[in-house]
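Undergrad: Starting off with a structure, shown below.
Each value in this text was obtained by applying a stated rule to the coordinates, not by laboratory testing. The model shown is predicted, which means the values in this text are computed figures rather than measured ones. Note: ideal-geometry Cβ built from the backbone for every residue, glycine included; neighbour counts use all protein chains shown.
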Amino acid sequence: MDSKLLIYPIVLFSVLFHQLSAREIDDYVISKFDFYLSIKSSADGRQTKEWKNAVCSSYPKTDEDKAPCRTEINEEDNVLLYLVKNQSSPVVHGPVVIDPKRIDLDIKYDPSNVKLSDYPYPSYFTSQKEFEPCAIAFARCVLSKAVYRILLFMPKFPVLHTHLQLEPKTADLFPNIEKNDYFLLTIINKNSGGLVKGTNMLLVGTHIISNYTISSKDIDEKN
């Protein structure tokens, strides 16, 4: 038999195994990590966090191979905020442009719950010390996918916890905000290969925000 013909099944198996492994990895981190998107009242929302710098030595190109894996919203992204008046027939007001620097992304987890023994492919790693930063790196990718709503082929949708701190200047751009109203956040990224390799398209992630705080000069009103 031609040796070239033997290569095709091997390559096909490798591709299928990689796809199944990626799904198992996503499923694992979704079950172990919590994902957050907060809109701060000022442009200093981004904070230095240890998980942003986690390096996976076993997968040195994790953030490239499992794009997107951003730790923050791109400053060139268009971020738009809408108010939805929750009436018998909802009315949408806006948009109001939000500075991407006001958006803070975060992941939280219990280190004692991220165990190599629970991972579907434990033999791939030599120790818990090697495994944990890799798990964080993969969680970083899931966070980015959740933000930009790139959920195709994911085993289940990750929950993205959202919160909005609305300062008076922005609140005044909307009609009177009442208790049952909610917001829509839309993030538009003109992709040039950094999020989905080999493509050039608009990625639009939209999120409903019902958890928000309206700041005033004297008091904070919480919905």
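Undergrad: Per 0.36 nm of contour for each residue apart, how much would the distance between residue 159 and residue 172 grow if the chain were fully extended, relative to their Cα-Cα spacing? Each step should come with its number before you reach the end.
TA: Numbers: separation 13, 0.36 × 13 = 4.68 nm, distance 3.01 nm.
Extra length from residue 159 to residue 172 when fully extended: 1.7 nm.
Undergrad: Suppose each label sits 7 Å from its Cα in the direction of the beta carbon; what would the residue 96-residue 204 distance come out to in nanometres?
TA: Each label point lies 7 Å from its Cα, and together they span 2.2 nm.
Undergrad: Could you check the spin-label model distance between residue 89 and residue 110? Points 7 Å from the Cα along Cα→Cβ, value in nm.
TA: Each label point is offset 7 Å from its Cα along the Cβ direction, giving 4.9 nm.
Undergrad: Can you work out the Karplus-derived ³J(HN,Hα) for every residue in region 173-185? Use 6.51 cos²θ - 1.76 cosθ + 1.60 with θ = phi - 60°, whole Hz, and x for glycine or proline.
TA: Whole-Hz 3J(HN,Hα) from phi for region 173-185: 7, 10, x, 3, 8, 10, 4, 8, 6, 9, 10, 10, 10.
Undergrad: Quick one: net charge of residue 92's neighbours, Cβ under 13 Å, K/R +1, D/E -1? Write out the running numbers ahead of the final one.
TA: Values: positive: 85; negative: 181.
Charge balance near residue 92 sits at 0.
Undergrad: Based on the mean of other beta carbon atoms within 10 Å per residue, what is the order of 130-137, 88-95, most packed first? Walk me through the numbers on the way to the answer.
TA: Values: 130-137: 20.4, 88-95: 10.9.
Ranking, from highest mean packing down: 130-137, 88-95.
Undergrad: Something else now. Order the peptides 175-184, 115-124, 27-36 from the highest to the lowest mean number of other Cβ atoms within 10 Å of their residues. Working shown, then result.
TA: Details: 175-184: 14.5, 115-124: 12.9, 27-36: 18.9.
Put in order of decreasing packing, that is 27-36, 175-184, 115-124.
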